[in-house]
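The values are calculated or read from the model by the stated rules, or taken from the named source; none is laboratory data. Note that the coordinates shown come from a computational prediction; the quantities given were computed from them, not determined experimentally. We place every Cβ from the backbone using ideal geometry, glycine too, and count neighbours over all the protein chains shown.
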Amino acid sequence: MSNILYMTSEVFPLIKTGGLADVASSLPAALLELEQDVRILLPAYPEVLEKVKAPRRLATASYYNLDVELLETRLPDSNVLTWLVHCPAVFDRPGGPYMNSDGQPWHDNALRFAIFCKVAVDIALDNLALDWQPDIVHGNDWQSGLTMALLSQHPSRPATVFTVHNLAYQGLFDYPTFRDLKLADSLWSMQGLEFYGQLSFIKGGLVFADRINTVSPTYAMEILLPAYGCGLEGLLQHRRDRLSGIINGIDQKVWDPGTDPHLAVTYTRKTLAKKIQNKAALQEKLGLPVNAKIPVIGFISRMVEQKGLDIILQGMLDILALPIQMVILGTGEVHYEMQLAEWAQEHPEQLKVIIGYNEALSHQIEAGSDMFLMPSLFEPCGLNQLYSLRYGTLPIVTNVGGLADTVVDASPANIENATANGFVFKPNSSDELLATLKRALQLYQQTRLWRRLQVTAMSSDFSWQNSARHYIDLYKSALADRDAAIH
Ligand code: ADP
Ligand code: GLC
């Protein structure tokens, strides 16, 4: 058994902007089941404080002259111990975890997450008299990167693991910010936190963690290449022997069509015929013509370039010429939101666009759609294709990252050997997207065959069982590397 401090900037159901939140609740729960003593460390945003009841104060401290309390609560449902970094001056404000309500990054993000990282360091080094010390500090994404850098300067430190959920978000700030944060001068170098004249939080993790991983094996390979490495490919190649990929699991209790409370009708592999009632409910709810025969294509996503919105928009006229209905749920960059809303206004019988974040509707779209579109330019893992598979909603995806690792194209050979569970095409081409949609629509007409593909999809195992064990192995390797580094 190991003590693990799991640092995350979001966790479901307390606060969520994307897949990290889902992983940060389901992986620690799976580790707990494998008898690891895991504690989540999370900033105390207002939404979080509203959702937790009477958290207990564990310690107080001060960083950069700002008061901080460490609060303890438990994650709803899974009961994982969760420690909240309560620093009202930087976290207790209306808006998102990273951005204000105008979509601009908080002006003091460096300070906010430096405080978060410093609390982790003090827990790790037992400076807060908590009577608990981690063997492993597991950081996620740039918001936790400084921890690894700061811990590297201490001889008796826990081992560190850094998980990259998305290399495109790096936490870059100017040099005066580096100075303001009073970080050691020695960290300002190419071998440290400096990245082309800027302070890079993510480099803290990539340079200094004992082990680095990404959330799928394919993405772990891709980021060694300039096309996907976001300028960090050289560093990652250098640390290649410490880099691996572990595919995300999903929370099979939250995403279970057999028990999902958000659905009009629950269904399983054996009662798949009932799925269609969710389609009718979705069509009705959104004001689309209720018609069982028209294939419904779902899309749920942050609206950012990564998710392939440009090729959807480029191909929209041709896509809407197909006999389909399309349901899009998401929020993000305003220009995408506006263009999509315009298309929806012009084609109200075929296209519904819901701008916003809606957990219940996301479940209803997963269940009510026949197909689910994810034409990402890159995708470290992707969770929606996994939810889609579980809901018998065949994913149509690009062959990148975790999408390539989890979706098997319905080619004649894969249909023949019963591995096909979706449709796969090359990224960044609306022609390819259109051709693949047409291919999927042809197979959709072959009801029996489609049913077989759905059953294969629903039989895939994306529980955390295997992946959580891989993390435990990774922790062991990190401990061995730490021991080798300090002796
Ligand atoms: P990413 O983390 O890059 O956004 P993932 O596929 O890993 O992509 O995870 C996205 C998660 O966020 C999924 O659980 C998805 O259902 C959810 N999600 C994204 N946008 C919305 C939205 N507008 N409403 C509800 N859920 C959303
Ligand atoms: C990131 C990635 C996504 C991944 C998620 C959880 O947000 O964009 O692909 O599934 O993290 O690991």
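Residue-wise test of (1) among the basic types (Lys, Arg); (2) crowded, with 16+ Cβ neighbours inside 10 Å; (3) within 26 Å of Asp405 (Cα to Cα); (4) within 16 Å of ligand 1 (Cβ to nearest atom).
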position	(1), (2), (3), (4)
Phe208	no, yes, no, no
Gly229	no, yes, yes, no
Glu233	no, yes, yes, no
His238	no, no, yes, no
Thr259	no, no, no, no
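Considering only region 15-55, how many residues are in contact (Cβ under 8 Å) with a residue 60 or more places away in the chain, aliphatic (A, V, I, L, M) and either within 16 Å of ligand 2 (Cβ to nearest atom) or not assigned by TED's automatic domain parsing to the domain that holds Gln143 (or both)?
The total comes to 8.
With the structure loaded, tell me whether Lys307 is closer than 20 Å to Leu386 by Cα, among the basic types (Lys, Arg) and exposed (fewer than 14 other Cβ atoms within 10 Å of the Cβ) or whether it fails that test.
no
Tell me the residue from Gln277, Gln306 that is in contact (Cβ under 8 Å) with a residue 60 or more places away in the chain, assigned by TED's automatic domain parsing to the domain that holds Ala435, among the polar types (S, T, N, Q) and in a helix (DSSP H, G or I), please.
Values: Gln277 fails: in contact (Cβ under 8 Å) with a residue 60 or more places away in the chain.
Within the list Gln277, Gln306, the selection yields Gln306.
For region 427-454, give me each residue that is closer than 20 Å to Leu309 by Cβ, of a type outside the set (S, T, N, Q) and in contact with a Leu (Cβ under 9 Å, 6 or more places away or on another chain).
Pro427, Leu433, Leu434, Leu437, Ala440
Give the residues of region 155-204 that are more than 16 Å from ligand 2 (Cβ to nearest atom), among the β-branched types (Val, Ile, Thr) and within 30 Å of Gly401 (Cα to Cα), sorted by residue number.
Scanning region 155-204 gives a single hit, Thr160.
For Ile328, all conditions in the list (1) aliphatic (A, V, I, L, M); (2) touching a residue at least 60 places away in the same chain (Cβ under 8 Å); (3) closer than 19 Å to Leu386 by Cα hold save one; what is the number of the exception?
The single condition Ile328 does not satisfy is (2).
Yes/no per residue for (1) outside any loop (DSSP other than H, G, I, E, B); (2) within 16 Å of ligand 1 (Cβ to nearest atom); (3) under 19 Å from the mean Cα position of the chain (by Cα); (4) modelled with pLDDT under 95:
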{"site": "Tyr6", "(1), (2), (3), (4)": "yes, no, yes, no"}
{"site": "Ser9", "(1), (2), (3), (4)": "no, yes, yes, no"}
{"site": "Ala21", "(1), (2), (3), (4)": "yes, yes, yes, no"}
{"site": "Ser26", "(1), (2), (3), (4)": "yes, yes, yes, no"}
{"site": "Leu32", "(1), (2), (3), (4)": "yes, no, no, no"}
{"site": "Lys53", "(1), (2), (3), (4)": "no, no, no, yes"}
{"site": "Ser62", "(1), (2), (3), (4)": "yes, no, no, no"}
{"site": "Gly95", "(1), (2), (3), (4)": "no, no, no, yes"}
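List the number of the failed condition for Ile396; all other conditions in (1) within 21 Å of Leu309 (Cβ to Cβ); (2) buried (at least 22 other Cβ atoms within 10 Å of the Cβ); (3) in contact with an Asp or Glu (Cβ under 9 Å, 6 or more places away or on another chain) hold.
Every condition holds for Ile396 apart from (3).
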